[in-house]
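Asker: This is the structure, below, for whatever I ask next.
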Amino acid sequence: MSEKSKKISSTLKIASVLLLIFTVGGIGGVYFDQQVLPIIRTNKFLSRIGFLARTAENVTVINKTEQITIKEDDSINEVASQASNAVANIVSVSKSKDSISKSIKTTDQSGTGVVVTNDGVLVTYRSAIIEKDATYNVFLFNGNNYEAKLIGIDEFTNLAFLKIDASNLTAISFGDSSEVRPGKKIVAIGNSFGEYQNRYAAGLLSNINKTFNLAGKTVASSEKLEGVFENDFNNNQKEYIGGPVIGYSGNMLGIIGMIVIDSKEKYFQIPSNAVQASLDRILSSGLSSRAYLGAYYVSITKEYAIANKLKHDRGALIYSPSGKQGLALIAGSPAEISGLRMGDIITTVGGRSVNLDNSLSHLVGQYKKGDSTEIILDRSGEEIKIQVTF
Amino acid sequence: MSEKSKKISSTLKIASVLLLIFTVGGIGGVYFDQQVLPIIRTNKFLSRIGFLARTAENVTVINKTEQITIKEDDSINEVASQASNAVANIVSVSKSKDSISKSIKTTDQSGTGVVVTNDGVLVTYRSAIIEKDATYNVFLFNGNNYEAKLIGIDEFTNLAFLKIDASNLTAISFGDSSEVRPGKKIVAIGNSFGEYQNRYAAGLLSNINKTFNLAGKTVASSEKLEGVFENDFNNNQKEYIGGPVIGYSGNMLGIIGMIVIDSKEKYFQIPSNAVQASLDRILSSGLSSRAYLGAYYVSITKEYAIANKLKHDRGALIYSPSGKQGLALIAGSPAEISGLRMGDIITTVGGRSVNLDNSLSHLVGQYKKGDSTEIILDRSGEEIKIQVTF
Amino acid sequence: MSEKSKKISSTLKIASVLLLIFTVGGIGGVYFDQQVLPIIRTNKFLSRIGFLARTAENVTVINKTEQITIKEDDSINEVASQASNAVANIVSVSKSKDSISKSIKTTDQSGTGVVVTNDGVLVTYRSAIIEKDATYNVFLFNGNNYEAKLIGIDEFTNLAFLKIDASNLTAISFGDSSEVRPGKKIVAIGNSFGEYQNRYAAGLLSNINKTFNLAGKTVASSEKLEGVFENDFNNNQKEYIGGPVIGYSGNMLGIIGMIVIDSKEKYFQIPSNAVQASLDRILSSGLSSRAYLGAYYVSITKEYAIANKLKHDRGALIYSPSGKQGLALIAGSPAEISGLRMGDIITTVGGRSVNLDNSLSHLVGQYKKGDSTEIILDRSGEEIKIQVTF
């Protein structure tokens, strides 16, 4: 063996030994770190020894003097950062002539809106803007300011849509609201300062209120969304109306709305899928294409069925609190024309069951004006099929 | 080479080898710990191997029995999952005959309750149900629906107890409310939709309000719980009345109640230990066995002592805001019979000191009707001992 | 020695060596992992090396692309522990003689305060105490009770300052409120029980309300703080008035205050930098040294500029809702004397631009009584410079 090959052999040998030590010692290191240390740490006597005690304090402490190790972010900004850029401030300005003094009076209002298409469509809740005789200005996150046009208000969802002349905008990404379960952590974003400036509130999506309808009455209307999200935020969410709530992945789960019931403000979120459907309709066939039934009803729950001794614990009971047929079915409406009566329990619409996830108004909302379908109902225990043209 | 230097040399050699192993193996340990383990952990097959699996569970778990390490989930469902199954929906239906029209009027109400024993006892707060002439239906998490019987309402805690005919139920696990400190994160669970469907709110157990009494007045009653938990939730917790608040370990820390004070709704939680005591009483000697004193009092705080120049900063001052003795001590009550007077400061009951953690009503609540004990009080600076039979 | 026993011996030898390496290398692994790595990580040069840098990012990252594992404490106590010791309970007791009955009436109130200097200065919000003819007692976290003196109320910030005769106290540490962005997680600490006992609320610092002024009116006053923090807590924060909100690092970001507007309670936080400035003034030149301008104004936002067709979208518009000059400028005030007029838009004060972060009142607040400076304004499109002596 030459001196050289000896040297190589020896180097290889040393390298082998080092590799062996590296590997076996390495596995030992994992074992001690993961298995032995925890036991030592919980031993009161041993845990007093400096080195071991220090290792036990907190696994994530990297530099004690510089870095405070916390387990939670100290801000929701990371969660909200992407969605924030799609949130806008909408300023409505209306001028009205005073009928007596003939002077011009200016009223202005600032509300929150959300960019929903890259080419400039924004959605907001109707009470966030001045609906009539107003001009609109939109402030985006980058400071840009645009004049906007009101392109429609959907009576079904109370959503208002505006359009600005811009392209390549940051649009919000829609989450699937049908996947949402109560208890989900959410962040609300508002922007109603009169120029771009976001505000945030955080908490839980508390509840899916399946029988809350946007008419805000004890009976639901076939022409109003039924089923909203509720959160556990502060009672006053005025500054967030028209703004989105997002999940921790940054997707929009709903738009914040409000209705005054018995002179109290009641806040809720319109689920993102209803926002999407509303948007799709305005961008395709238009809002005037919505099907019209003209009935008032109660979505039956098990409680309602027990209290009122109904045979069905699901379905839509045609109803008026006053007991007057004329208040349950609008005169001349498809509902009245097709022969619906107060007390009927509608169980299916076009083959789809009426239940708490698919309310009557939701099922009617799938159709267009002029569409025709079959409704099955229970009238005093008898199953009846009727044909209705919306 | 001497024997000694040989020994030193050998020791040095061994030390060198050990140091080499320590260093090289050490670096290997870091490498395996930081680089190799994560890859192994994400490998489905390997991750089933005990030791590796255990290391993968959570790096920050140091002592499993003492420290619960959770991810900041995007939902509180994991925290609430177990307790949720013990939360029920209670539907009360009452029928009353209208005295004029002779027609039957149906009233129904839906509230939240909690299963507290496996054999079907539920607890709720009294205002979550219709107390009189009502029938009750309970919906459990598994969709099962039971008729229920009201087995008692505890005037001391305002808790109502119902019983359903079932066994092997999921009962809530009780936490120890005496261990709770303000600042603890809690989740409230409500279920008042009229069929099974939980809702959630989250926040802090804010405060232990030691002088809040369920009579809701400025003076406390010896027959009403004094000392409740307060949270930092939304002011409106109506939908959660009768439901539990749980800690992050899933244990129940209290039941949500409400009292109307000056026409404002005031929400609070009845501490779990008071719920447990109430439950124990109804299951053993019955609610009618509660001791009765018949006194109104103020639990003395340091502020109260300073403002009113009292010598004692602890104790129960027999008191009526009107200054009338007859309103401080109920006529014919054990308090009056035993000779208590307005202005007395009760310092001990049966040898136990009266203080903010052991209020007069709490101490009286330890006794049964007919029990006899000694009360020590300060009357105008003089210590007096009296015997009272509850 | 047989071949077999040789083999066993050799196997044992190898096993022993492996075990030795496993153990020693293992301990080395722990040492390097826990002790050496942190030092390397904080070394800027070494930390750039891929493998080390990757290990430094986060010990608990298992799969970077998919899963961030963080701990969530089940209580905010760790966050609040240090600041909590600087929070005090202030009890005010006032005695007044009834003019008719000549009897002495005692009124007491308990509020929250914060220790801001080690030698006994506390800050609180004015409505947390009885301002007139009262004596004060302060309860500290360690149970100590001190008589206190009211040393001043700052009309600019509504903060009240008290002094107790003590030293080496735990003072709160001030955060820099100018660094705060909406969305930051905060904890409020209250202590208003009538003896030492903290309460907590948690949520977000929601918004910087740049045009909210402590006069609580539609027009701002040059002698009142404009610009406060808002949170997303429960609407009722009464028990926290005078207490601090802290960030997750434990630094105070503001003091909770309240103003009644249209008979509704409006809560906000006075930013820590304004608290610091107020404290500095009382400790140095005294509160009476504050500059006085005597003007009412509107801080112009972009919305305001659009609605009112102003050329400026920043600045302070001298204004009165009634349109009367005398209500916009106080008679005999420096503002009036220097020739300011209603409708003027002040754009700079002493060379500093008036904008939403530097409001007119904030800029005036930098001066002392008697100081003189130049104000630049726009009067009907013309730039005018005037000299004002505060």
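The values are calculated or read from the model by the stated rules, or taken from the named source; none is laboratory data. Owing to the predicted nature of the structure, the values given are computational and were not obtained by experimental measurement. Methodologically, a virtual Cβ is constructed for each residue, glycine included, from the backbone with ideal geometry; neighbour enumeration extends over all protein chains shown. Just the protein is used for accessible areas: all its heavy atoms, side chains included, with ligands, DNA and RNA removed. Shrake-Rupley method; radii C 1.70, N 1.55, O 1.52, S 1.80 Å.
Asker: Please go through the stretch C:202-224 and pick out each residue that is hydrophobic (A, V, I, L, M, F, W, C) and under 14 Å from the mean Cα position of the chain (by Cα).
Answerer: If the condition is that a residue be hydrophobic (A, V, I, L, M, F, W, C) and under 14 Å from the mean Cα position of the chain (by Cα), then C:L204, C:L205, C:I208 are the ones that fit.
Asker: I'd like to know if the stretch C:112-129 contains one or more residues that are more than 22 Å from the chain's Cα centre (by Cα) and open to solvent by 30 Å² or more (accessible area, probe 1.4 Å).
Answerer: No, because not a single residue in the stretch C:112-129 is more than 22 Å from the chain's Cα centre (by Cα) and open to solvent by 30 Å² or more (accessible area, probe 1.4 Å).
Asker: Between B:S289, B:S338, B:S285, which is crowded, with 17+ Cβ neighbours inside 10 Å and of a type in the set (S, T, Y)?
Answerer: Just one listed residue meets the conditions, B:S338.
Asker: Hey, another quick one. Do you know which of the residues in the stretch C:96-151 that are in a loop (DSSP other than H, G, I, E, B) and hydrophobic (A, V, I, L, M, F, W, C) is modelled with the lowest pLDDT?
Answerer: C:I100
Asker: Taking only the stretch C:252-269 into account, find how many residues are in contact with a helix residue (DSSP H, G or I) (Cβ under 8 Å, 6 or more places away or on another chain) and closer than 18 Å to C:S173 by Cβ.
Answerer: Residues in the stretch C:252-269 being in contact with a helix residue (DSSP H, G or I) (Cβ under 8 Å, 6 or more places away or on another chain) and closer than 18 Å to C:S173 by Cβ: 5 in total.
Asker: Sticking with this structure for a sec: What number goes with the only condition from (1) over 26 Å from B:V180 (Cβ atoms); (2) within 26 Å of the chain's Cα centre (by Cα); (3) among the basic types (K, R) that B:R281 does not pass?
Answerer: Result: B:R281 passes all but (1).
Asker: Would you mind stating whether B:L310 is free of Cβ contacts under 8 Å to residues at least 40 places away in the same chain, farther than 16 Å from B:K210 by Cα and crowded, with 16+ Cβ neighbours inside 10 Å? I'd like the intermediate steps shown before the answer.
Answerer: Numbers: free of Cβ contacts under 8 Å to residues at least 40 places away in the same chain: yes; farther than 16 Å from B:K210 by Cα: yes; crowded, with 16+ Cβ neighbours inside 10 Å: yes.
Yes, satisfied.
Asker: Among what's in the stretch C:222-231 and is surrounded by 23 or more Cβ atoms within 10 Å (Cβ to Cβ) and of a type outside the set (A, V, I, L, M, F, W, C), pick the residue that is nearest to the other protein chains (Cβ to nearest Cβ).
Answerer: Within the stretch C:222-231, the match that is nearest to the other protein chains (Cβ to nearest Cβ) is C:N231.
Asker: Tell me, which residue of the stretch C:76-90 that is within 11 Å of another protein chain (Cβ to nearest Cβ) and modelled with pLDDT of 90 or more is surrounded by the fewest Cβ atoms within 10 Å (Cβ to Cβ)?
Answerer: Looking at residues that are within 11 Å of another protein chain (Cβ to nearest Cβ) and modelled with pLDDT of 90 or more, I get C:S81.
Asker: To continue, here is another question. Identify all residues within the stretch B:357-375 that are open to solvent by 10 Å² or more (accessible area, probe 1.4 Å), within 29 Å of C:Q197 (Cβ to Cβ) and not aromatic (F, W, Y); write none if there are none. Walk me through it before giving the result.
Answerer: From the stretch B:357-375, those open to solvent by 10 Å² or more (accessible area, probe 1.4 Å) are B:357-358, B:362, B:365-374; that's our starting set.
Right, trim to within 29 Å of C:Q197 (Cβ to Cβ) and you get B:357-358, B:362, B:365-367.
Within the stretch B:357-375, B:D357, B:N358, B:H362, B:G365, B:Q366 qualify.
Asker: C:E72: within 14 Å of chain A (Cβ to nearest Cβ), at pLDDT 85 or above and open to solvent by 10 Å² or more (accessible area, probe 1.4 Å), yes or no?
Answerer: no
Asker: Right, next: Within the stretch A:294-323, track down each residue that is within 14 Å of another protein chain (Cβ to nearest Cβ) and among the hydroxyl-bearing types (S, T, Y).
Answerer: A:S299, A:T301, A:Y304 - these are the residues of the stretch A:294-323 that are within 14 Å of another protein chain (Cβ to nearest Cβ) and among the hydroxyl-bearing types (S, T, Y).
Asker: Kindly establish whether A:G203 is under 30 Å from B:A80 (Cα atoms), surrounded by 19 or more Cβ atoms within 10 Å (Cβ to Cβ), among the small types (G, A, S) and more than 14 Å from chain C (Cβ to nearest Cβ).
Answerer: When the stated conditions are applied, A:G203 does not pass them.
Asker: Taking B:L162 as meeting all but one of (1) within 14 Å of another protein chain (Cβ to nearest Cβ); (2) part of a strand (DSSP E or B); (3) within 21 Å of A:K302 (Cα to Cα), write down the number of the exception.
Answerer: Every condition holds for B:L162 apart from (1).
Asker: Using the structure shown, decide if C:V354 is buried (at least 19 other Cβ atoms within 10 Å of the Cβ), of a type in the set (A, V, I, L, M) and within 19 Å of C:R281 (Cβ to Cβ). Working first, answer last.
Answerer: On the way: buried (at least 19 other Cβ atoms within 10 Å of the Cβ): yes; of a type in the set (A, V, I, L, M): yes; within 19 Å of C:R281 (Cβ to Cβ): no.
When the stated conditions are applied, C:V354 does not pass them.
Asker: Suppose we filter C:G216, C:G194, C:G257, C:G242 for residues that are more than 14 Å from chain B (Cβ to nearest Cβ), closer than 18 Å to C:I90 by Cβ and assigned to a loop (DSSP other than H, G, I, E, B); which single one remains?
Answerer: C:G242
Asker: Of all residues in the stretch C:243-264 being open to solvent by 20 Å² or more (accessible area, probe 1.4 Å) and of a type outside the set (V, I, T), which is nearest to C:I186 (Cα to Cα)?
Answerer: Among those residues, the one meeting the criterion is C:Y248.
Asker: Of these, C:Y296, C:Y292, which one is in contact (Cβ under 8 Å) with a residue 24 or more places away in the chain, hydroxyl-bearing (S, T, Y) and closer than 30 Å to C:P244 by Cβ?
Answerer: Selected residue: C:Y292, the only one of C:Y296, C:Y292 that is in contact (Cβ under 8 Å) with a residue 24 or more places away in the chain, hydroxyl-bearing (S, T, Y) and closer than 30 Å to C:P244 by Cβ.
Asker: Where in the stretch C:290-390 are the strands (runs of 3 or more DSSP E), entirely inside, with at least 1 residues that are more than 27 Å from the chain's Cα centre (by Cα)?
Answerer: C:316-318, C:345-349, C:372-379, C:382-389
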